[in-house]
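Asker: Quick one: the structure is below, questions incoming.
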Amino acid sequence: MARTLPSPLLNRELGTLAFNRRVLAQALDERIPPLERLRYLCIVASNLDEFFETRVAQLQDVLEHDPAAATPDGLPVAEALQLVAEDAHALVAEQYRVLEQALYPLLLGQGIGFVGSSQWTPRQQRWARAYFEREILPVLTPIGLDPAHPFPKVLNKSLNFAVVLEGTDAFGRNVDLGIIQAPRALPRLLALPPELAPQPGPRHGFVLLSSLMHMYAGQAFPGLKVLGVHQFRVTRNSELFVDDDEITNLRTALQGELRSRHYGDAVRLEVASACPQPLLERLMRENALQARDCYRADGPVNLARLQSVIDMVPHRDDLTYPVHQPALVPGWPGAEPELFEHIRGSDILLHHPYDSFAPVVDLVRTAARDPQVLAIKQTIYRAGQTSELMEALIEAARNGKEVTVVLELMARQDEETNINWAARLEAEGAHVVYGVVGFKCHAKMLMVVRRERSGRQGERLRRYVHLGTGNYHTRTARLYTDFGLMTANEAICADVNQVFLEITGSSHFEPLRRLWQSPFSLLDNLLKAIRREARLARAGKRARIWARVNALVEPTVIAELYKASRAGVEVRLLVRGPCMLRPGVAGLSENIRVRSVIGRFLEHSRVFCFHNDGRDDVWISSADWMERNLFRRVEIAAPILDPQARRKVIEEGLQVHWRLAGNAWDMDGAGRWHRAHGWQRARSSHQALIDSRNQPG
């Protein structure tokens with residue numbers, strides 16, 4: 001009798017935690033430089049913060065409003081939360097084990113040491129006490145708890161200290177507990193002066209702010225006896241709620257909501273491992289949390305802050321990855337009007353970070369200064385606090401160009417930054433549109449309209465566009481892998497123009513000639529392409545679907561991929577993060593393989609390739625295969641029409657990651673991930689692509 005699976009779908013939240021386990025494994029990879037291994041540990045800590053703020057918070061909200069609800073894989077939400085907690089507890093314990101047993105000794109061997117208060121010499125103690133009294137104590141606000149001072153609602157993810165006290169204060173009140181929130185302006189990691197570095201010992205010594213607080217926090221409560229100092233941290237629900245029906249001004253509504261984000265409902269409590277049980281129970285009670293929501297930290301409660309040591313240690317080639325200089329497009333004219341002729345000549349495909357992001361900035365900067373350019377339209381999801389590209393848009397508006405920016409105010413964690421850019425753009429006369437209420441604008445589109453002379457036709461308007469899989473963010477373009485297409489193809493440009501009209505002018509959806517667009521046609525076209533491969537396979541022809549996404553959690557797409565597999569289609573999926581599809585299961589998905597690539601760069605591209613009877617239809621997209629991308633966001637997928645560009649996407653976006661196993665993980669039908677066969681001896685696909693840009697000729 002055939003074995004039946006409990007569900008054809010895997011759990012999304014457990015898949016996200018599995019992704020972070022793969023990232024944490026990088027911290028144990030001896031091929032990776034020491035400080036980069038520390039960086040991976042810190043990335044996991046930061047990822048877990050967002051995981052609790054969003055995914056766990058959402059499950060808790062669902063459970064509160066509908067205790068009988070289930071997750072898409074069929075688990076009751078209460079059971080899913082318990083499984084997530086068990087997995088997360090194990091992951092957190094592994095983090096601290098890796099830090100204590102692997103990274104601390106490794107870094108110490110490289111002359112980098114974290115000096116705990118129990119290790120301080122008398123000279124170091126004097127320095128630490130003087131630093132605390134001079135730089136820390138004056139900015140602290142200690143709160144002694146009594147009926148007039150109830151337990152404070154501490155800021156989301158802030159570092160706090162519970163100080164167990166004994167005695168009476170100046171007014172005769174008995175005080176048994178004090179709370180100190182460490183101001184965010186204070187550095188969490190301090191470099192010991194060189195003359196105080198332990199001898200013999202590390203050349204670079206560092207002291208955690210928490211060590212100083214543990215030693216000297218009692219000075220904030222003079223006259224009281226300090227029985228213990230225990231660090232803790234509360235993670236809160238950070239989802240923003242803006243009522244679509246009540247909005248009159250999205251920016252104003254969002255500014256008000258941002259202020260409350262720091263004080264949402266608690267979803268996680270992190271405490272020092274030595275925190276006594278009565279205090280732990282009080283912290284849980286004050287934050288309305290259960291035991292499963294409490295995570296004991298065998299070290300600093302915010303591991304992400306350790307990443308600052310990377311910038312504090314003088315650069316050494318053996319401690320970090322070698323500097324990578326992205327390659328410039330051959331023959332690229334730079335920020336000169338000739339670049340328009342360059343794009344007209346042939347489509348230009350950029351693969352970041354192996355190819356430089358400079359051409360994208362050059363396009364906007366040139367358009368801002370070129371008297372023949374009449375208009376620039378662009379979508380912005382994330383741009384960063386400083387941005388050459390945004391400054392170029394501001395310059396364009398100042399120069400009298402018609403500048404329209406569709407700026408997504410609801411980009412998580414970047415809302416305030418985007419609000420600031422919106423104000424600056426509007427001050428220079430740019431049109432700023434905040435997307436479509438209820439639909440985040442996640443599409444990556446840039447269009448330039450230019451008046452040009454065209455032979456006997458005289459003057460005409462010509463459009464140039466850039467379409468990408470990643471944000472218009474110069475910093476992440478050096479850290480994330482993304483594709484970008486520059487083209488003057490008239491059909492694609494006309495489609496981009498139509499999408500801008502829909503967003504800014506509230507016009508009806510009109511079928512597009514070349515692009516697929518969410519929430520209208522992208523899913524339908526995606527399903528049609530999958531079904532076409534299945535029909536070709538049933539007809540005895542070769543059929544193949546290769547795709548690359550950040551997440552695969554949309555049930556309809558998964559169901560069609562299962563059908564395609566049963567029809568005989570070869571399906572290969574590169575999925576960076578959570579994948580709810582089960583590969584390689586008899587009778588369900590024998591022809592599906594799933595691989596995840598974890599390495600120097602964050603895999604961020606979305607690429608879809610359908611064999612289509614030998615035609616190899618290739619698309620790059622801003623959309624993952626998730627419900628939110630396909631139903632609740634404005635997204636696009638663009639075809640790669642130029643044969644040379646198509647070959648580049650297939651080779652660099654897909655094939656190289658299956659050919660080289662050095663940074664690859666493969667998934668089995670139970671959702672378990674394993675290092676790809678031969679990974680220890682294989683090259684990294686990221687390094688291979690870096691090397692390809694450094695080859696002569």
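Rule-based calculations on the coordinates, nothing more; no lab input. Quick caveat, the model's predicted, so the values are computed rather than measured. Positions of Cβ are backbone-derived with ideal geometry, glycine not excepted, and every protein chain shown enters the neighbour counts.
Asker: With a ≥ b ≥ c the root eigenvalues of the C-alpha gyration tensor of region 445-555, is it rounded (a/c under 1.5), prolate (a/b larger than b/c) or oblate? Each step should come with its number before you reach the end.
Answerer: Working: a/c = 1.92, a/b = 1.53, b/c = 1.26.
Judged from the Cα gyration tensor, region 445-555 comes out prolate (a/c at least 1.5, a/b above b/c).
Asker: For region 604-697, give the magnitude of the charge dipole about the Cα centre (Cβ charges: +1 Lys/Arg, -1 Asp/Glu; no others), in debye to the nearest 20.
Answerer: On the way: 14 positive and 12 negative charges, 59 e Å.
Here the size comes out at about 280 debye.
Asker: Related question: What list do you get for 415, 652, 36 if you sort them by fewest beta carbons within 10 Å? Don't skip to the answer; put the middle values down first.
Answerer: Details: 415 19, 652 22, 36 16.
Ranked by crowding around the Cβ, least crowded first: 36, 415, 652.
Asker: Using 0.36 nm per residue, how much length does the chain from residue 155 to residue 461 gain when fully extended, once their Cα-Cα distance is taken away? Write out the running numbers ahead of the final one.
Answerer: Working: separation 306, 0.36 × 306 = 110.16 nm, distance 5.30 nm.
Separation in residues times 0.36 nm, less the Cα-Cα distance, equals 104.9 nm.
Asker: Further question on the same structure: Using only the Cα atoms of region 12-312, build the gyration tensor, take square roots of its eigenvalues as a ≥ b ≥ c, and label the shape rounded, prolate or oblate: rounded if a/c is under 1.5, else prolate if a/b is larger than b/c, else oblate. Walk me through the numbers before you get to the answer.
Answerer: Numbers: a/c = 1.85, a/b = 1.20, b/c = 1.53.
Oblate is the answer for region 12-312, as a/c is 1.5 or above yet b/c matches or exceeds a/b.
Asker: While we're on this one: Where the only charges are on Cβ atoms (+1 Lys, Arg; -1 Asp, Glu), what is the dipole of the chain about its Cα centre, to the nearest 20 debye?
Answerer: On the way: 85 positive and 81 negative charges, 365 e Å.
Roughly 1760 debye for the chain.
Asker: Separate question: Between residue 478 and residue 181, what FRET efficiency comes out of the Förster formula 1/(1 + (r/R0)^6) with R0 = 41 Å and r the beta carbon distance, rounded to 0.05?
Answerer: Step by step, r from the Cβ atoms, then E = 0.75.
Asker: Also, quick follow-up: If one takes the longest principal axis of the Cα atoms in the chain, at what angle in degrees, from 0 to 90 and to the nearest 10, does the Cα axis of helix 555-567 lie?
Answerer: 60 degrees
Asker: Which of 103, 124, 187 sits closest to the plus end of the dipole of region 63-202, meaning its Cα is farthest towards the positive end, when Lys and Arg get +1 and Asp and Glu get -1 on the C-beta?
Answerer: 124
Asker: Let me ask something else. For the pair residue 528/residue 50, report the inter-label distance in nm, with labels modelled 7 Å from Cα in the Cβ direction.
Answerer: Roughly 3.3 nm, to one decimal.
Asker: Assuming R0 = 22 Å, can you tell me the calculated FRET efficiency for the pair residue 386 and residue 324, based on Cβ-Cβ distance, to the nearest 0.05?
Answerer: Working: r = 21 Å, r/R0 = 0.94.
Computed FRET efficiency for residue 386 and residue 324 comes out at 0.60.
Asker: Taking the Cα centre of region 490-564 as origin, work out the dipole magnitude from +1 charges on Lys and Arg Cβ and -1 charges on Asp and Glu Cβ, in debye rounded to 20. Could you put the intermediate results ahead of the total?
Answerer: Numbers: 12 positive and 8 negative charges, 151 e Å.
Here region 490-564 has a charge dipole of around 720 debye.
Asker: How are the C-alpha pair distances of region 552-686 spread across 5 Å bins, as whole percents from the shortest bin up?
Answerer: Cα pair-distance distribution for region 552-686, in percent: 2, 10, 17, 21, 22, 18, 8, 1, 0.
Asker: Any chance you could get the radius of gyration and Dmax over the Cα atoms of the chain, in Å?
Answerer: Calculated on Cα positions, Rg and Dmax stand at 27.4, 95 Å.
Asker: Report for the chain the percent antiparallel among DSSP-assigned beta bridges with both residues inside it, nearest 5.
Answerer: Percent antiparallel among DSSP bridges in the chain is about 70.
Asker: Additional query: Greater than 28 Å separation of Cα atoms is the criterion. Which listed pairs, 377/440; 444/648; 153/225; 440/563; 401/648; 541/648, meet it? Please list the in-between numbers first.
Answerer: On the way: 377/440 17 Å; 444/648 20 Å; 153/225 25 Å; 440/563 31 Å; 401/648 35 Å; 541/648 25 Å.
Beyond 28 Å: 440/563; 401/648.
Asker: For region 338-509, state the average projected area of the convex hull of the C-alpha atoms over all orientations, rounded to one decimal in nm².
Answerer: On the way: hull surface 39.9 nm².
Mean projected area of the Cα convex hull: 10.0 nm².
Asker: Mind giving me the nanometre distance, one decimal, between the label points for residue 97 and residue 66, set 7 Å out from Cα along Cα→Cβ?
Answerer: 3.8 nm
Asker: Relative to the longest principal Cα axis of the chain, at what angle does helix 277-286 sit, 0 to 90 degrees, rounded to 10?
Answerer: The two axes meet at around 50 degrees.
Asker: Same structure again: Would you mind calculating the gained length between residue 631 and residue 659 on full extension (0.36 nm times residue separation, minus the Cα-Cα distance), in nm to one decimal?
Answerer: 6.7 nm
Asker: Once both labels are modelled 7 Å past Cα along the beta-carbon direction, what's the residue 191-residue 424 spacing in nm?
Answerer: In this crude spin-label approximation the distance works out to 2.9 nm.
Asker: Here is a follow-up. Relative to the first principal axis of the alpha-carbon coordinates of the chain, what is the inclination of helix 358-369, with its axis defined by its Cα atoms, in degrees from 0 to 90 and to the nearest 10?
Answerer: Roughly 70 degrees between the two axes.
Asker: Which residues in region 199-235 have a backbone N closer than 17 Å to a point placed 7 Å from the Cα of residue 166 along the Cα-to-Cβ line?
Answerer: Label zone hits: 218-219, 221-230.
Asker: Pop the C-beta distance of residue 452 and residue 590 into the FRET formula with R0 = 60 Å and round what comes out to the nearest 0.05. Write out the running numbers ahead of the final one.
Answerer: Values: r = 54 Å, r/R0 = 0.91.
It comes out at approximately 0.65.
Asker: Still on this model: Assign one of three labels to region 627-697, namely rounded, prolate or oblate, based on the Cα gyration tensor with a ≥ b ≥ c the square roots of its eigenvalues; rounded applies when a/c is under 1.5, prolate when it is not and a/b is larger than b/c, and oblate otherwise.
Answerer: Working: a/c = 2.73, a/b = 1.09, b/c = 2.52.
Oblate shape, in that a/c is at least 1.5 and b/c is the bigger or equal ratio.
Asker: Considering only 196, 137, 464, whose Cα is most displaced toward the positive end of the charge dipole of the chain, charges sitting on Cβ of Lys, Arg (+1) and Asp, Glu (-1)?
Answerer: Highest projection toward the positive end goes to 464.
Asker: Between residue 509 and residue 291, what length comes free when the chain is fully extended (0.36 nm per residue of separation minus the Cα-Cα distance, one decimal in nm)?
Answerer: Details: separation 218, 0.36 × 218 = 78.48 nm, distance 5.02 nm.
My answer for the length gained is 73.5 nm.
Asker: Would you be so kind as to identify which of 231, 492, 168 lies farthest towards the positive end of the dipole of the chain, taking Lys and Arg as +1 and Asp and Glu as -1 on Cβ and the Cα centre as origin?
Answerer: The Cα lying farthest towards the positive end belongs to 492.
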